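Visitor: Would you mind keeping the following structure in view while I ask a few things?
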Amino acid sequence: MSPPLLKLGAVLSTMAMISNWMSQTLPSLVGLNTTRITTSDTLTQISPKEGWQVYSSAQDPDGRCICTVVAPEQNLCSRDAKSRQLRQLLEKVQNMSQSIEVLNLRTQRDFQYVLKMETQMKGLKAKFRQCSNAHMIAFKQELKEKMDELLPLIPVLEQYKTDAKLITQFKEEIRNLSTVLTGIQEEIGAYDYDELHQRVLSLETRLRDCMKKLTCGKLMKITGPITVKISGTRFGAWMTDPLASEKNNRVWYMDSYTNNKIVREYKSIADFVSGAESRTYNLPFKWAGTNHVVYNGSLYFNKYQSNIIIKYSFDSGRVLAQRSLEYAGFHNVYPYTWGGFSDIDLMADEIGLWAVYATNQNAGNIVISQLNQDTLEVLKSWSTGYPKRSAGESFMICGTLYVTNSHLTGAKVYYSYSTKTSTYEYTDIPFHNQYFHISMLDYNARDRALYAWNNGHQVLFNVTLFHVIKTEDDT
């Protein structure tokens, strides 16, 4: 192939590469203009899929919305993939722009050569037609053959001129695209991650301060679940201490509903997920059911084959108190729908420590008792009209007992009883029973979340509460 054709081939190959890159990459940029990360003080309409978690809503007594408390997940402050992708894309565009600039300079130089060669070919063709001397016949024939070889090059030259113009257009488009990408990158704060991180932390601190001012709320919604780990048998319990400090994130794990005395401790959720145990406790008694609770550094559980409640200290490794829960059914007399010796359910909320069970005196219906956390003495009891055997699970939030109608798929919070007003109501709050069998469901007031054991999966549910803000005028 002649040098001009070699140059043309290189240029056309490079242009094909550019065309292919732009056809594949530019469509992916369409969504970037619609992406927004709000860093102002007011955060609304953030999808949970974007890594934001709804904690609660706040309204005044007249029903007017005061605020919606929304806080980001901790890992949001890391350099997200979309920002990195945008920065890398911008770098590629800038590199491509430089390549096109080099190609443009070389093309313009070759383009002048092509124009000169085209003019010479046309002039030669005109002179060839004028040539009629008989002595030139042999030379004419030879020249004609060479001209015939060059004629196919003329359409290629025309295409070359068109492609040269196209390179100029590409150059302009790349320049415009680079400007747009730079603007988008600056808009979402891709350059200053530290500033974004500090703003998010500041917002989270203010939101938590706001949440501390909230009074007890009414359950409005359950979202999730978030699967933390898959381990153990179908039945078990896992929990954290709602009264622990913010730096204390220990997790306790109790597999099976009976015939076990081993409690496993993990220093954090991360250690729990990885299986890095920090300590193991061998309880003096076997437990019954899965409805235990850790509260203020101690484990409260139902002693196997009895209605006795045990308070066990993790720090001292000994039993601090034990007391029989009078008239409470035990050993599968009044369990939840799934059985498993779940007669006595111990739980804690913002108000204190509770026991939920059933008695013959209350016709097998649920009884709620508030307990003294030190002596396990019953402070006060409330008798409900909901059959314990018809309940899937239950949990306390702000002194109100919420009862699910099943432990299987399709379960929902069906009934609630307020100890504050001694009244009940039927509710319809669905939640997603992802793994089809729940054997433990407990509320943690510190995390404002439900801990669940779902068929060998340890999961978390977020809750949305209706709150009333207390003002200085109310104090």
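The values are calculated or read from the model by the stated rules, or taken from the named source; none is laboratory data. Computed from a predicted structure; not experimentally measured. Cβ atoms come from the backbone with ideal geometry, glycine included; neighbour counts cover every protein chain shown. Quick note on the areas: whole protein, heavy atoms, side chains included, nothing else; ligands and nucleic acids left out. Shrake-Rupley method; radii C 1.70, N 1.55, O 1.52, S 1.80 Å.
Visitor: Run through every distinct alpha carbon pair of the range 268-390 and return the Kirkwood hydrodynamic radius in angstroms, one decimal place.
Guide: 15.1
Visitor: What does the convex hull of the alpha-carbon atoms of the range 231-298 project to on average, in nm²?
Guide: Orientation-averaged projected area of the Cα hull: 4.5 nm².
Visitor: Could you work out, for the range 225-266, what percent of all Cα-Cα pairs fall into each 5 Å distance bin, beginning at 0 Å and stopping at the bin that holds the largest distance?
Guide: Histogramming the range 225-266 at 5 Å steps yields 5, 19, 27, 23, 16, 9, 2 percent.
Visitor: Run the quick spin-label model on Asn372 and Ser178: label points 7 Å from Cα toward the beta carbon, then report their separation in nm to one decimal.
Guide: A separation of 7.8 nm, rounded to one decimal place.
Visitor: Then there's this: Can you compute the modelled spin-label distance between Ser202 and Arg234, with each label point 7 Å from Cα toward Cβ, in nm?
Guide: 5.3
Visitor: Using a Förster distance of 25 angstrom, determine the FRET efficiency expected from the C-beta separation of Ser316 and Lys247, and round it to 0.05.
Guide: Efficiency at R0 = 25 Å is approximately 0.70.
Visitor: Given a Förster distance of 56 angstrom, what is the FRET efficiency for His432 paired with Thr119, based on the Cβ-Cβ distance and rounded to 0.05?
Guide: Computed FRET efficiency for His432 and Thr119: 0.15.
Visitor: Sum up the charges of everything whose Cβ sits under 12 Å from the Cβ of Val413, counting Lys and Arg as +1 and Asp and Glu as -1, but leave Val413 out. Write down the numbers at each step before the final one.
Guide: Details: positive: Lys218, Lys221, Lys412; negative: Glu393, Glu425, Asp428.
Overall, the nearby charge balance is 0.
Visitor: For Ile269, Ile397, what's the largest-to-smallest order of accessible area, 1.4 Å probe? Don't skip to the end; give the middle numbers.
Guide: Numbers: Ile269 65, Ile397 0 Å².
Largest to smallest exposure gives the sequence Ile269, Ile397.
Visitor: Hey, another quick one. Find the accessible area per residue for the range 342-475; the probe is 1.4 Å, ligands and nucleic acids are left out, and the unit is Å².
Guide: For the range 342-475, the per-residue accessible area is 38 Å².
Visitor: Over the heavy atoms of Met220, what accessible area does a 1.4 Å probe trace out, to the nearest 10 Å²?
Guide: Looks like 100 Å² after rounding.
Visitor: According to the Kirkwood expression over distinct Cα-Cα pairs, how big is the hydrodynamic radius of the range 352-463, in Å?
Guide: Here the Kirkwood hydrodynamic radius works out to 14.6 Å.
Visitor: Shifting gears a bit: What is the spread of the Cα atoms of the range 383-449 along each of their three principal axes, largest first, in whole Å?
Guide: Each principal axis gives a Cα extent; for the range 383-449 these are 35, 29, 18 Å.
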